[in-house]
Amino acid sequence: MKKIIYITALGLLFGLSSCVDTFLDLDPLDTRTDAVYFKKASDFKEYATSFYGQLIGWKSSYGSIYEHMDGATDLSTYSAYSGDIMHGTIQVPTEDDRWDNCYANIRFVNILMEKAKSYPGNLDDIEQYLAEAHFFRAYNYFYLLKFFGGVPVVSTVLDVDSPELTGPRNSRYEVVDFILSDLTEAIEGLPKEQNIAAEEKGRIGYYGAEAFKARVLLFEATWRKYNGTSTDYEGSAGPDKEQINEFLDEAIALCNDVITNGKFSLWNYNSNSSMQKMSSRYLFCLEDEDSNPAGLTKTSNNEFIIYSIYDKTLKPGGINLNQTIPKMDVSRKFIDMFVCTDGLPIDKSTKFQGYAAPGDEFLNRDYRLKSYVYTPDATTELTNGTSGYHSAKFQAVNRVNLEESADYPVLRLAEVYLNYAEAVYERNGAITDAELSKSINILRNRAGVKNLDNAFVTANGLDMLEEIRRERTVELYMEGHRFDDLRRWGIAEQELNQSRCGMIVGGAEYPTAFVGADGNTTDKYKRNAYVWGEEKVDTPEGVLSSVVIDSKSNYNFTKTNYLWPIPQQQINMNPNLKQNPGYSKQ
C-alpha cells in the first residue's frame, strides 16, 4: 500500500462537459491545485466524474477485459488469458495490478470525501457527488473482496506515516459491512435515474446503487451459505450465520424495487423480422443505426443500468473485439445448457435434432444460443484443436478493428431478474409462479422458450434451483459472472476440474459430417490436431465421442484457488498482512 499513496489525484482528473463529452473527454486538468479546487460544487462534480473510468469496460484498471469473459471457466477456453486460474496453478505474484489499482482508486475517492468536510458551500449541493464517491469506494472494495477476501479497509487519505500502512487485514465480514454501509450512503444521496438530465445520462443513479447492493448481498449470502469460513485467512472471524437470511431478504427487497419502480426494460426487438430473433446478439454490439438490422441506436437501450460509455469517434473500445471474440472456444458443456423451445433440457426434449450435420443441434433451441455462439454449418471444420464453437457475443457489426465501441454493461436489468429469482429461492427454498413471472420468465420470453413454473418443473422431473442457475449461466455468458458464481455456490472444484470438450464427432455407431459409418474421419476433421484426443460424453443420442480441447488431467482447482494470493510485495512491506490459506511464502 505504501507504493500507491504518493499518486497525485489532480493529475488524473478529466475535464467533462456535456452528454457524451461528459464521460469521454480525456484532457487532464493538470493545472489545477488544491488551492483553487474543491471550492465550488462544480469542482466536486468534475472530480466525481473522473471516477467513472474506474468502471470495468473495454479498457479498465482491472486487467484485460478478456480475463472477465469466462475464458477461464467451464463455459469456454481461451488459454491466452487466465489459464492459471482454470487449471488451479495460481502462484503468489510479486505484484498484482488489481490490488494496486483498486487502492489507487480508493485513494482518489477518499480525497473527495476529505475535501467535502471543509466545503464552504451548502452540503446539499454536493450530496450527489459524495454519494457517487461512496458507490465507487464500495465498487472497488467489492472487487478486492471477490479476489482476495478480507483486505485492509482504508477510509481516509493516508500519509507516509499512517498506522494503516502496517495494520492487519480486515476480515471479509468487516469488508462486507463497510461495502454495504457505503452503498447505503450512495442510495440515500443519488437521484433516481428518471430524474437525471439527458446530458447526464450514464451517471450512477439510485436504482443502480440498489441493484449493485443486491448483487453484493446475494454474493456474500451464498458465499457464507456454501463456503462458510473455509476460504478465510487464519484468524479471520466470521459472523453469525443469521446474516445470510438478512442479506437475502434485503437483496430481494432491493431487486423488487428496481424491477417495480426503476422503469428499466429488456431490449427486446424480436418481433421485428429483420432481427431474426437475435436481440440478445445485437444488444451487446449496439452503437449507431448500422450496428443492427433494425437500425436502432443506443438511445433505444433501457436495459443497461450501470455501464461504461464508448463512442467510435471520441472513445473507441480499441481492443480488437472483432479479432479476439471468435477465438474464444465455447465448450460442449455450455452448448448443452441451452434448453429447447419447449423449455426442456436437450436430454428431455423431443425437439432436439441431434448432431448428424453441423448446426442440427442449434435447431429448436433458446434464441440466445445462436445469438451468443456462431452456428456451425457445412463449412465447419474441426482443426487446430478448436472446439468447433466460437463466441459471437460482443463482436461488433460494421466496425473495423479497434473501432468497436458499444457501451459495456456493468450491470443490467437481466441480472436483476436473475438475482431476484435466486435470492428468493435461496431464502425460501421455493419460488412462486408469480415471482418467476416477474423475473426470469421475462428473459425466457425474449429467448423464445416456454415459461418456467412449478408444475412444469415437477412434471418433467427438473430441479428448480438448477434451472434458475442454468438461466443465469446462459443469460450472463461472457459478462464476468461464471467464475464468481461457481465459487460462491461452492462447486468450483466440481465444475472446473473437467475436460473442456468440443463438438460431437460421432463414429460408426452414430455417423456425422466428421466421422462416417466406417469409423474413418472425413476431411472436415483433422484428428491429429487434437493433442488430448476424444472423450466419451453423455448426449441425448447416447454416449458419443467429443473432441477434447483441454484434458481434465491438466486441472487441479482446489478450495485454495477460491481466492487469489496477496501479492508478495505487499507482505514484504507490511508483514502484518497474513497470506491467504494454501499459498506458500516466497
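Some points to look at:
- Whole-angstrom Cα spans of the range 404-504 along principal axes, big to small: 39, 35, 32
- In the distance distribution for the range 308-465, Cα-Cα pairs more than 24 Å apart total 48 percent.
- The range 454-525, Cα convex hull volume normalised per residue, Å³: 162
- Amide H contacts of S308: Y408, V410, each under 5 Å away and 5 or more positions distant or on a separate chain (H built 1.01 Å from N in the peptide plane; Pro and chain starts excluded).
- Relative to the globular-protein estimate of 2.2 N^0.38 Å, the Cα radius of gyration of the range 224-313 stands at 1.69.
- Three-way shape call for the range 92-227 based on the alpha-carbon gyration tensor, with the a/c threshold at 1.5: oblate
- Cβ crowding within 10 Å, taken as a proxy for footprinting-reagent exposure, orders S265, S584 from fewest neighbours to most as S584, S265.
- Modelled this way, with points 7 Å down the Cα-to-C-beta line, the labels at M573 and Q194 are 4.7 nm from one another.
- Across every direction, the projection of the convex hull enclosing the Cα atoms of the range 258-301 has a mean area of 3.3 nm².
- 37 °C / 0.692 mPa s Stokes-Einstein diffusion coefficient of the range 271-338, Kirkwood radius on C-alpha pairs, µm²/s: 230
- D (Stokes-Einstein, µm²/s), Kirkwood Cα radius, the range 311-369, 0.692 mPa s at 37 °C: 238
- Pairwise Cα inverse-distance average, inverted: Kirkwood Rh of the range 193-253 (Å): 13.6
- Looking at the range 336-396, the pairs of alpha carbons with a distance over 18 Å make up 37% of the total.
- Which of S387, S291, S79, S118 has the fewest Cβ neighbours within 10 Å, and the rest in rising order: S118, S79, S291, S387
- For the range 247-325 and the range 378-418, distance of Cα centres in Å: 13
- Radius of gyration and Dmax over the Cα atoms of the chain, both given in Å: 24.4, 85
- For the range 409-451, the Stokes-Einstein estimate of translational diffusion at 25 °C and a viscosity of 0.890 mPa s comes to 229 µm²/s, using the Kirkwood hydrodynamic radius over alpha-carbon pairs.
- For the range 422-427, backbone phi angles converted through the Karplus equation (6.51, -1.76, 1.60; θ = phi - 60°) give residue-by-residue couplings of 5, 4, 4, 5, 5, 6 Hz, Gly and Pro being listed as x.
- For K201, the amide hydrogen comes within under 5 Å of no other amide hydrogen, counting only partners 5 or more places away or on other chains and with H modelled in the peptide plane.
- N122-V400 pseudo-label distance in nm [points 7 Å out on the Cα-to-Cβ vector]: 5.2
- Here the chain is assigned +1 on the Cβ of each Lys and Arg and -1 on the Cβ of each Asp and Glu. Its dipole about the Cα centre then comes out at about 540 debye.
- Compared with the direct C-alpha span, the chain from S300 to V160 gains 45.5 nm at full extension, assuming 0.36 nm per residue.
- Listing L144, L443 from fewest to most neighbouring C-beta atoms within 10 Å gives L144, L443.
Laboratory data are not the source of any read-out in this text; all were calculated from the coordinates shown. All values reported here derive from a predicted model rather than from experimental measurement. Please note: Cβ atoms are built from the backbone with ideal geometry, for glycine as well, and neighbour counts cover all protein chains shown.
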